[in-house]
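A.B. asks: One structure, as structure tokens, below. Some questions next.
What follows is calculated from the coordinates using simple rules that are stated; it is not laboratory data. Computed from a prediction, not measured in an experiment: that's the story for all the values here. Virtual Cβ from ideal backbone geometry, glycine too; neighbours counted across all protein chains shown.
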Amino acid sequence: MATYYVDPAASGNNDGTSWDDAFTDLQSAATAAQATDTVYCRGSQTITQTIAPVNAGSVGNLIRYIGCNASGVNDGTYFQLNGNGNNISGMTLNNNDYTLFENFKIHSCLRHGIECVTSYTDYAQFNNVWLTGNTGAGLYANIRLRSSLFYRCKFNGNGAKGVYSTISSAYNLCEFSGNTGYGCEEVGSNELYNCCLFTGNTTSGLRLNGSRSVLNCVFDSNGENGIEMGYSDLTIIQGCRFTNHNASGKLGIAISGGRVCLVACYFGNNATDITDGMYEVLRINGATDHVIFGGTDTNHGYTTPGSDFNLRSDASLRSLAIPLPLD
């Protein structure tokens, strides 16, 4: 169980053994780190080559990469990888199972923020990771990133989708905003979205194929639809809000195949709320008004992930989302 340190401004021996003697580049630590090791990182590194972690962890023996503040404390301060307009992705993951990334910001890459396209990586964890301002996608996985967990992550302002296709992964308290294209496009299955925000993406907030659970999420002011659905055996959408998809022909939920079950959802100020005839409203205590269509309130009832997340509409207490624990 080793501990390594990364600080691009370090001026000591640069062998990674302390803050004074820290590695000055993340790749050195990513080459050395093995299961049970922890890598602490601080500051900002301008990169000209894609960072490629070498090893994998195992069950109960993660490899941990953790961003820290200038004092070396984990207080949520980002360690930044700045692509500086180079034709690279910020990081590539291949066979890096059981790896944790916490407090990372990856930006300004001409390809993707993070890519996983050559080999499968399973059971990775991403806590407070921010992928922004990359010319490609924030995260481009092409279904090779599987069974992973995203917590309080942000995918915003990327040039080609916030996320492209993980599989069997869970997103909790994440934000997909201002991306060119979809906030998130999934072509795998068995994904979970809980308490996430999809807003201001140029096409749809979320594109789905396969079965999903979408719980307590907000879809607001995307350029096309809130959710766009291809084929689905069954997708459950519960406690969500769909507002301000009001351009001609745009929908809160656009369904071209399969079925969706709605529970305790709210629709307001969309050109059309949902594709007719391809959904079911699940009754609660015999009542159908747990799903509200045609709402007119302008109080969107949410704050950004990381703050108190509230889906309540002041128009009616019936539009309260059903609360679900995150842990």
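A.B. asks: Can you give the percent of C-alpha pairs in segment 168-208 whose distance is more than 12 Å?
C.D. replies: Counting pairs separated by more than 12 Å, the tail of P(r) holds 55 percent.
A.B. asks: Listing K250, K161 from the residue with the fewest other Cβ atoms within 10 Å to the one with the most, what is the order? Don't skip to the end; give the middle numbers.
C.D. replies: Values: K250 18, K161 26.
Least to most surrounded, the residues fall as K250, K161.
A.B. asks: OK, next. Checking a compactness column here: for segment 1-158, what do you get for Rg(Cα) / (2.2 N^0.38 Å), N being the number of residues? Could the numbers behind the result be given before it?
C.D. replies: Details: Rg = 14.2 Å, N = 158, 2.2 N^0.38 = 15.1 Å.
So segment 1-158 has a normalised radius of gyration of 0.94.
A.B. asks: Rg (Å, one decimal) plus Dmax (Å, integer) for the alpha carbons of segment 151-222?
C.D. replies: 10.6, 27
A.B. asks: A follow-up question, please. Local charge sum around V6 (other residues, Cβ-Cβ under 15 Å, Lys/Arg +1, Asp/Glu -1)? List each step's numbers first, then the result.
C.D. replies: Values: positive: R42, R64, K105; negative: D7, D15, D20, D21, D25, D37, E102.
Summing Lys/Arg as +1 and Asp/Glu as -1 gives -4.
A.B. asks: List every residue whose amide H lies under 5 Å from the amide H of N216, counting only residues 5 or more places away in sequence or on a different chain, with H placed 1.01 Å from N in the peptide plane.
C.D. replies: C195, Q238, G239, C240
A.B. asks: I'd like to know which of T121, Y4, Y65 lies farthest towards the positive end of the charge dipole of segment 1-158, counting +1 on Cβ of Lys and Arg and -1 on Cβ of Asp and Glu.
C.D. replies: T121
A.B. asks: For K105, which lysines qualify as cross-link partners when the Cα separation must be under 22 Å and same-chain residues fewer than eight apart are set aside?
C.D. replies: Cα-Cα hits under 22 Å: K154, K161.
A.B. asks: P(r) of segment 133-279 in 10 Å steps, Cα pairs, percent per bin?
C.D. replies: 14, 48, 34, 4
A.B. asks: Under a 5 Å amide H to amide H cut-off, with H placed in plane at 1.01 Å, what residues pair with S58 once short-range neighbours are removed?
C.D. replies: Result for S58 returns T36, I63.
A.B. asks: With +1 assigned to the C-beta of every Lys and Arg and -1 to the C-beta of every Asp and Glu, and no other charges, what is the dipole magnitude of the chain about the Cα centre in debye, to the nearest 20?
C.D. replies: The dipole of the chain has a size of about 420 debye.
A.B. asks: A further question on this structure: Distance between the C-alpha centers of segment 25-56 and segment 129-186? Whole Å please.
C.D. replies: First find each Cα centre; the distance between them is then 21 Å.
A.B. asks: Which Rg and Dmax, in Å, describe the Cα atoms of segment 143-192?
C.D. replies: Spelled out, the Cα radius of gyration and Dmax of segment 143-192 are 10.3, 26 Å.
A.B. asks: So, one more: Using a Gaussian network model on the chain with a 10 Å cutoff between Cα atoms, which of N216, N190, N201 fluctuates the most?
C.D. replies: Highest fluctuation among the options: N190.
A.B. asks: For segment 4-75, what is the charge dipole size about the Cα centre, in debye to the nearest 20, if Lys and Arg each add +1 at the Cβ and Asp and Glu each add -1 at the Cβ?
C.D. replies: On the way: 2 positive and 7 negative charges, 44 e Å.
With Lys and Arg at +1 and Asp and Glu at -1, about 220 debye.
A.B. asks: Also: Between N61 and L110, what is the label-to-label distance in nm when each label sits 7 Å out along the Cα-to-Cβ direction?
C.D. replies: 4.1
A.B. asks: Right, next: Which residues' amide hydrogens lie under 5 Å from the amide hydrogen of V39, considering only partners 5 or more residues apart or on another chain, with H built in the peptide plane?
C.D. replies: HN-HN under 5 Å from V39: Y4, R64, Y65, I66.
A.B. asks: On to the next question. Let me know the volume per residue of the alpha-carbon convex hull for the chain, in Å³.
C.D. replies: Working: hull volume 40.9 nm³, N = 327.
Residue-normalised Cα hull volume stands at 125 Å³.
A.B. asks: A follow-up question, please. Got the relative contact order for the chain handy, in percent, Cα pairs under 8 Å and 6 or more residues apart?
C.D. replies: Numbers: 1125 pairs, mean separation 25.7, N = 327.
Across the chain, relative contact order equals 8 percent.
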